[in-house]
1. Could you work out the relative contact order of the chain? I mean the mean sequence separation of Cα pairs under 8 Å and 6+ apart, divided by the number of residues, in percent.
2. When a/c is below 1.5 the answer is rounded, else prolate if a/b is larger than b/c, else oblate, so apply that to the chain with a ≥ b ≥ c taken from the square roots of the Cα gyration tensor eigenvalues.
3. In which sequence would 7, 16 go, from the one with the fewest C-beta neighbours within 10 Å to the one with the most?
4. For the chain, set up a GNM with springs between Cα atoms under 10 Å and report which of 106, 86, 18 has the largest fluctuation.
5. For residue 88 and residue 32 in the same chain, what is the full-extension length gain: residue separation times 0.36 nm, less their Cα-Cα distance, in nm?
């Protein structure tokens, strides 16, 4: 995002809203289980409705993309990130498991990340 921790943790400027307010545990292979759909169905809209003036939403991971965009396929959605500007930027989940994905898609660091940093700065400058 290109911001320091002072801005990242400033709740008057940035809200971090997970898809579930719980850790659903691990599957048999040790990977995180997906967020339970009932969590988002129960509270997601209510939480988002309490946040005034959302200017930019970063959709982090496939579950957030499916919920907000009604689409699946992280690579397809993220590779078409321009389609969702200026209010939404889809991103792969930040995980060590995605290191290979990032290396396989050099446009992510070359094109998307600079645009993300620029858009975040625009939004913050307007506050």
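All of the numbers you see were taken from the coordinates with simple rules; none came from a lab. Given the structure is predicted, the values throughout are model-derived calculations rather than measurements. Virtual Cβ from ideal backbone geometry, glycine too; neighbours counted across all protein chains shown.
1. Rounded, it is 23 percent for the chain.
2. It is oblate, given that a/c is not under 1.5 and a/b is not larger than b/c.
3. Fewest-to-most Cβ neighbours within 10 Å comes out as 16, 7.
4. Of 106, 86, 18, the most mobile in the Gaussian network model is 106.
5. Length gained between residue 88 and residue 32: 17.7 nm.
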